[in-house]
Amino acid sequence: MDLNLTRLRRFLSVYHNKSFTRAADELGVTHSALTKSLQQLEQELGIEVFDRTTRVVSPTEAGHRLALRGAELLAFAGQVSEDISSGARHIRMIAGPAVIEASLASALAMFHKAHPDVRVTAETMPPDLAFARLRRREVELLLYHSNLIGTLPDRQSFRITQIIDEPYVAVLHADHPVLQTDCSPETLLQQQWAIPGYDPLYRSAIPVEMEERYRRASFPHYRILSLSTCLSLAAEGSLITLLPEPYVRAQPAARDLVILPMPLADGARYSISAIGLANVPQDPLVNALIGMISTQGRQG
C-alpha cells in the first residue's frame, strides 16, 4: 500500500483544526476536494479516520493513531525533500546546552574537515521535547547526560551509547572563604553554587536522600544553562561552580581559580550518551560524528 502524502497532510489539517471548513481554508482547497481526499485516504488504508455518526469532527481510534504516526512521516518526508533539493546530507542533532558548550567545537571542526559537504544543525531544548522530535524522525541524534536515560519510559525504543565520561570539579576564586575550612562535602554544600543544568529530569536520577540534602541546603543558588557564565560567576569570587574537568582546564579564565576534585557526595560525573532510534538503520556519517565527539571527550 502506498500512502499519499497530500491526502495525509489534508487529514492532519482536519484533525488539528477539528473542522473541514477551517482545514479547507488553511489548505486553500474546496470543501468537496478535501472530503474526496479523505475518502480516498480511508480507501487506501481500509479504515475510517473520522466518526461520521457525530455532528462534530471526531477522530476514530485509528484516526488518532494515524495523526501520531502521520506527523512523523510528513516530517521525515520533508527532511528527505530538503536533503535532495540541497544536494547535500544534513545531520540534525539536539544536545543539552552543556554538551554543546563543552564537547562539540573540536569534534565538529574535525568532522567538517573530513566531510566538508555535510550540513550539520545542532540545537538545544528540554529533553522531553527533544525525545519527541527524535521519535518523529525530525532529528537523527540526541546528546544528553546519561542520568536522563534511566528516566525514559520506553528505553528499548532507543539506541543508547555512552560516549563521554569525565569527572566534575568545583571551581572557585582563590579568596573564597570556604578555602579556610576543611572543605568537606557538608561544608561545601552550605555555600552558594552556580550550576549549569540541574533540571528536574536530572534531579530525579539523584538518590532520594541526596536530593533531600540538596533541597534543605537550597542547592543550587543559581541554575544557569551556560558553563561559561557559571565560570565567570566563580571568577567574581562569590559563587562556586561545578563543571566538567577537561572544559575547565581548557579555559584561560580558570587559570587563576582554585580547582577541587568532585566535592559533593553523590559521585556524579559528566557522562554523555548518544541516542538514536533503535529501529532505524545506523547511519555511517552519524556514527562517524559520534566517534569524533567521543574521541575529543577522551582527549579532553
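The values are calculated or read from the model by the stated rules, or taken from the named source; none is laboratory data. Note that this is a predicted model, so its numbers are computed, not measured. Here the Cβ positions follow ideal geometry from the backbone for every residue, glycine too, while neighbour counts run over all protein chains shown. Ligands, DNA and RNA are excluded from the accessible area calculation, which covers all protein heavy atoms including side chains. Shrake-Rupley method; radii C 1.70, N 1.55, O 1.52, S 1.80 Å.
Descriptive notes on the structure:
- Scanning residues 5 or more positions from Phe158 or on other chains, those with amide H under 5 Å from its amide H are Ala278, with H placed 1.01 Å from N in the peptide plane.
- Only Lys, Arg (+1) and Asp, Glu (-1) charged, at Cβ; the chain dipole about Cα centre in debye: 780 debye
- Helix 105-114 axis versus longest C-alpha principal axis of the chain: approximately 50°, rounded to the nearest ten.
- The chain: angle of helix 31-45 to the longest principal axis, Cα-based, in degrees nearest 10: 80 degrees
- Degrees separating the helix 5-17 axis from the principal Cα axis of the chain, which is the longest one: 70 degrees
- In this rough spin-label picture, where each label sits 7 Å from Cα along the Cβ direction, the Glu26-Ser184 distance is 6.1 nm.
- Entry for Rg/Rh (Cα atoms, Kirkwood Rh) (calculated from the structure that is shown) out of (1) 0.99; (2) 1.10; (3) 0.94: (2)
- Nearest-10 value in Å² for the accessible area of Arg65, using the 1.4 Å probe: 150 Å²
- The phi torsions of segment 115-127, fed into the Karplus equation with coefficients 6.51, -1.76 and 1.60 and a -60° offset, translate into couplings of 9, x, 8, 8, 7, 9, 10, 10, 9, 10, 6, x, x Hz, rounded to whole numbers, with Gly and Pro shown as x.
- Cα gyration tensor category, rounded, prolate or oblate, for segment 6-155 with a/c compared to 1.5: prolate
- Karplus-derived 3J(HN,Hα), 6.51/-1.76/1.60, for each residue of segment 222-228, Hz, glycine and proline x: 10, 10, 10, 7, 7, 5, 5
- Cα gyration tensor category, rounded, prolate or oblate, for segment 5-61 with a/c compared to 1.5: oblate
- For segment 141-299: rounded, prolate or oblate by the Cα gyration tensor [a/c cutoff 1.5]: oblate
- Note on surface exposure: Phe76, Phe20, Phe219 rank Phe76, Phe20, Phe219 by accessible area, highest first, 1.4 Å probe.
- Area of Met262 that stays accessible when all protein chains are in place (1.4 Å probe, Å², to 10): 50 Å²
- Dividing the summed -39500 (n - 2.57) terms of all DSSP H runs of n ≥ 4 by the residue count of the chain sets its mean residue ellipticity at 222 nm at -14000 deg cm²/dmol.
- Charge tally in the Cβ shell below 10 Å around Tyr247, where Lys, Arg are +1 and Asp, Glu are -1, Tyr247 excluded: -2
- Long-range amide H partners of Phe50 with built H, under 5 Å: Thr60
- Inter-site label distance for Thr35 and Ala253 at 7 Å from Cα along Cβ, in nm: 6.4 nm
- Cut-off under 5 Å, modelled amide H: who pairs with His90 long-range: Arg119
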